[in-house]
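Some notes on the structure that comes next.
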Amino acid sequence: MTITAGMDELRGVLMGLSEGGKREVSHAMLYEVFGLDDEREKVRLRRRMQDMVGHGEAERVSPGVYRYIPKATPRRHGESYIRVWRAVRSHRPGWSFHDLSQVTRVSYSMVRRYCVFLEEEGYIERYGRSGNTLKYRGTMRAREQRATPYPPIKHADPFEAEKAAALGLVRVFLTMDPYSEKARAKVMEHCQTLVDRFGEASNG
């Protein structure tokens, strides 16, 4: 596994290792979890942590050690949706995803995902093409609605608790004395979470 998997995965690991922001997380712990041996990948991870500090998602406690701040995690790209929606309503018929991306400075991939949702909901419709590029226009429904329509929030990860337990085990072996009673209790607690979920399947 490498950090190129994305920021969402990094946030998930930080959430698990920090136990929801209660404990500190180090570069060394992240290297171990992601299996990073290549120095370039380690540099990329450190830069992403620096970005998170800059955005207020993490606080640097000491060199290479951070406190994760879950409540500061970006939610739903709200401002980006607003900009794209305004562009959809103001553009003349015949615009493309690329046009919206350029004028709003929102990534093409996000514009595309959002417009797929808008088309499914009847806010935009296809309006011919230019070469291989599809063109669109806003519908009457879009003209009548000023408020930004938001895509539905994805359902929670059904294995969130189990992933947190697995990361909790990693934390125990990286930061605690495995022979201590406290570590033993933590291991039993996390293992019980995994057994509760997967025990019946293995016994069936």
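The values are calculated or read from the model by the stated rules, or taken from the named source; none is laboratory data. All values reported here derive from a predicted model rather than from experimental measurement. A quick note on method: Cβ atoms are made from the backbone with ideal geometry, for glycine too, and the neighbour counts reach across all protein chains shown.
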In the list Ser80, Ser96, which residue meets the criterion of being in contact with a strand residue (DSSP E or B) (Cβ under 7 Å, 6 or more places away or on another chain), among the hydroxyl-bearing types (Ser, Thr, Tyr) and either surrounded by 15 or more Cβ atoms within 10 Å (Cβ to Cβ) or farther than 20 Å from Gly20 by Cα (or both)?
-> Ser96
When residues of the range 35-61 are limited to those that are among the small types (Gly, Ala, Ser) and exposed (fewer than 15 other Cβ atoms within 10 Å of the Cβ), the one farthest from Val170 (Cα to Cα) | Gly54
Could you please tell me which pairs satisfy a Cβ distance under 9 Å, a separation of 6+ or placement on different chains, a first residue in the range 109-120 that is in the same structural domain as Leu134 (by TED's automatic domain parsing), and a second residue that is surrounded by 14 or more Cβ atoms within 10 Å (Cβ to Cβ) and acidic (Asp, Glu)?
-> Glu119/Glu125
Could you tell me whether any residue of the range 125-143 is under 25 Å from the mean Cα position of the chain (by Cα) and outside any strand (DSSP E or B)?
-> no
Restricting the search to the range 37-58, which residues are under 25 Å from Ala165 (Cα atoms) and modelled with pLDDT of 90 or more?
-> Lys42, Leu45, Arg46, Met49, Ala58
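Here's the yes/no breakdown for (1) at pLDDT below 85; (2) part of a helix (DSSP H, G or I); (3) out of contact with any helix residue (DSSP H, G or I) (no Cβ under 9 Å at 6 or more places or on another chain):
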residue	(1), (2), (3)
Pro151	yes, no, no
Ala161	yes, yes, no
Leu167	no, yes, no
Val170	no, yes, no
Asp177	no, no, no
Lys186	no, yes, no
Glu189	no, yes, no
Phe198	yes, yes, no
Ala201	yes, yes, yes
Cross-chain or 6+ apart pairs with Cβ under 8 Å, the range 88-106 first and at negative phi, then in a helix (DSSP H, G or I) and among the hydroxyl-bearing types (Ser, Thr, Tyr) | Phe97/Tyr108; His98/Tyr108; Ser101/Tyr108; Thr104/Ser80; Val106/Ser80
Scope the range 40-70; condition among the charged types (D, E, K, R) and touching a residue at least 40 places away in the same chain (Cβ under 8 Å); matching residues = Arg44, Arg48, Glu57, Arg67
